[in-house]
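Q: Have a look at this one.
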Amino acid sequence: MSKKNPNIILINCDDLGYADIGCYGSTLNKTPALDRLAEQGMRFTDFYAAAPVCTPSRAAMLAGSYPRRLNMHAFDIRKIDGSGEILEHRGVLFPGQAEGLNPQEKTIASVLKEGGYTTKMIGKWHVGDQPEFLPAHYGFDSWFGIPYSNDMGLQTRSLEKAWAQHIKAPLPLVRDSVVVQEQPDQTSVTERYTEEAVTFIRENADRPFFLYFAHTYVHNPLFVPEVFERQSENGVLGAAVAHIDWSLAMLEYELERCGLTDDTLIIFTSDNGGARKSVNTPLRGFKGSTWEGGQRVNCIMKWPARIPAGTTCGEISTMMDFLPTFADITGADIEDGVIRDGHTMLGLMTQETGASSGYGEFLYFKEGNLDAIRSGDYKLHLHLKELYDLDTDIGETDNKYDELPDVVQKLLYMAEVARVDLGDDITGVTGANQRPCGWVENPKPLTTYDPNHPYIVALYDIPG
């Protein structure tokens with residue numbers, strides 16, 4: 001007998017390129033499980049992260065709103081000595097910062113938890129590392145993972161950099177709110193995550209569950225088990241992608257073993273476009289940019305009970321849509337007067353007659369700057385004065401700005417309306433409908449580095 005509501009597994013990779021997997025064009029990386037997922041489900045071609053870097057993208061995905069609306073779009077890196085001195089302005093959170101996603105926000109997990117789901121988060125969090133901003137405050141029953149990017153530890157960064165004062169600490173591996181290991185062996189992390197996920201599926205096979213599985217891969221630096229590196233035809237990147245693929249295969253095997261395949265929605269995506277080690281072809285640009293390669297990402301969905309196999313969707317859709325989509329699937333009421341920017345994708349997923357994107361326009365923000373806007377197939381880079389028809393020119397190479405003045409004026413008007421709503425640093429407009437992020441006084445990192453401790457000196461051989 002089918003469950004009333006499906007299990008939901010959301011797999012979110014880190015910096016995975018648009019064409020890093022076979023079903024999106026990779027000829028270098030081996031991804032049989034992902035290719036099979038696309039064959040058995042739906043592949044989205046025009047799916048977007050809400051930002052070109054991880055913290056704002058993940059906050060937007062969790063809360064269904066643009067990062068600027070959540071005030072999670074940019075951050076001042078301050079000294080952690082209590083002086084409050086600003087060291088740098090960055091687009092992502094670093095260890096020990098005062099900001100985080102506001103715990104008052106509804107999230108995909110809190111909506112599902114209220115609907116009777118058991119909820120779990122595994123992997124990279126990166127929307128706040130203070131105790132008040134850890135997953136338990138956003139609807140997750142449990143968490144096992146790392147609070148931010150895997151390079152924010154002792155093993156990879158020069159201590160001479162100014163913002164090293166924010167990451168002069170071992171990388172923490174956390175269970176719920178307790179640091180269970182400092183500076184874990186990252187070659188083993190994906191296998192540990194996968195084991196945790198399989199156990200969660202097995203233990204909750206008789207009730208609806210939501211699993212948010214956020215991979216460390218393929219963010220630099222890459223640590224991969226030897227068995228995957230030996231088999232890779234594309235070095236450590238190919239090995240990391242193969243490890244992601246293996247992990248998916250293990251989850252699907254457990255779903256099949258438990259008789260849950262038909263009743264489970266699997267979503268696979270990435271938090272932003274690939275960095276320069278990845279392949280974003282045929283898109284232009286990489287992570288950190290508002291070219292398509294910075295924000296258009298792969299997305300595959302499989303739900304045998306509802307999604308037709310072997311299908312493709314070319315409508316604009318985004319990570320912000322997960323919240324309203326999950327609410328639509330489960331019948332949850334999220335109409336609470338709060339402005340959200342996502343739209344339900346359920347009609348697109350099930351190929352409902354007449355279903356279309358809910359986006360009259362999609363906004364490309366780089367930190368606090370509104371850089372570009374897309375409506376239909378046209379995308380305008382506002383400050384570069386470049387207009388592209390993404391239907392015929394997905395690589396953004398043929399500038400139509402001077403040829404199509406009416407289209408330019410339409411998009412400029414839409415951008416002005418968006419600035420009034422959300423704000424825009426580059427034009428100095430303050431948005432009327434932004435919400436505060438979370439903030440704590442006297443923030444501290446989850447781990448500390450004592451360069452004089454003999455064990456630390458012996459283990460890491462890092463000068464104080």
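Every read-out reported here was derived from the displayed coordinates using simple, explicitly stated rules and does not represent laboratory data. Note that the structure is predicted; figures quoted are calculated from it, not measured. Please note: Cβ atoms are built from the backbone with ideal geometry, for glycine as well, and neighbour counts cover all protein chains shown.
Q: Which of the aspartates and glutamates could be linked to K385 by a straight reach, that is with a Cα gap under 14 Å, when you skip same-chain ones fewer than 8 residues away?
A: The qualifying aspartates and glutamates are D371, E396, D398, D402, E403, D406.
Q: Two decimals is fine: what's Rg over Rh for the chain, C-alpha atoms, Kirkwood radius as Rh?
A: 0.95
Q: Give the separation of the Cα centroids, the range 43-105 to the range 380-411, in Å.
A: A separation of 29 Å, based on Cα centres.
Q: Past 32 Å, Cα to Cα: identify those pairs from K124/K302; K113/K379; K4/K444; K124/K400; K287/K444, in the order given.
A: Checking Cα-Cα distances, K113/K379; K4/K444; K124/K400 exceed 32 Å.
Q: Counting other beta carbons within 10 Å of each Cβ, put C258, C437, C54 in order, fewest first.
A: Going from sparsest to densest Cβ surroundings: C258, C437, C54.
Q: Give a quick list of GluC sites (Glu not before Pro) in the range 321-375 that DSSP marks as loop, anything other than H, G, I, E or B, with at most 13 other Cβ atoms within 10 Å.
A: When the GluC sites (Glu not before Pro) of the range 321-375 are filtered for loop state and at most 13 Cβ neighbours within 10 Å, E335, E352 remain.
Q: Using a 10 Å cut-off around each Cβ, can you sort M72, M61, M121 from fewest to most neighbouring Cβ atoms?
A: Listing M72, M61, M121 from fewest to most nearby Cβ atoms yields M121, M61, M72.
Q: Any idea what Rg and Dmax come out to for the range 203-304 if you just take the C-alpha atoms, in Å?
A: My reading of the Cα-based Rg and Dmax gives 15.9, 45 Å.
Q: How long are the three semi-axes of the equivalent ellipsoid for the range 304-430, computed from the Cα gyration tensor as the root of 5 times each eigenvalue, in whole Å, largest first?
A: Over the Cα atoms of the range 304-430, the ellipsoid semi-axes are 29, 21, 11 Å.
Q: Give me D for the range 55-125 in µm² s⁻¹, whole number, from Stokes-Einstein with Rh from the Kirkwood sum over alpha-carbon pairs, 10 °C and 1.306 mPa s.
A: Reported coefficient: 116 µm²/s.
Q: Could you please rank I11, I394, placing first whichever residue has the fewest other Cβ atoms within 10 Å of its Cβ?
A: I394, I11
Q: While we're here: Tell me which trypsin sites (Lys or Arg not before Pro) from the range 44-118 have a DSSP coil assignment and no more than 10 other beta carbons within 10 Å of their own.
A: none
Q: Where a Cα-Cα gap under 14 Å defines reach, which aspartates and glutamates qualify for K366, not counting those fewer than 8 residues away within the same chain?
A: Answer for K366, where 14 Å is the Cα cut-off: E292, D424, D425, listed by chain and number.
Q: Further, regarding this structure: Given the convex hull of the Cα atoms of the range 185-254, what is a quarter of its surface area in nm²?
A: About 4.8 nm², averaged over all directions.
Q: I need the helices of the chain that pass two filters: whole DSSP H segments spanning 20 Å or more by Cα along the axis, and mean Kyte-Doolittle score no lower than -0.5.
A: Numbers: long enough: 189-203 (21 Å, -0.59); 235-257 (33 Å, 0.51); 405-422 (25 Å, 0.47).
In the chain, the long hydrophobic H runs are 235-257, 405-422.
Q: I want to verify the translational diffusion coefficient of the range 362-430 in µm²/s; compute it with Stokes-Einstein, Rh as the Kirkwood radius over Cα pairs, at 37 °C and 0.692 mPa s.
A: Rounded to a whole number, D works out at 271 µm²/s.
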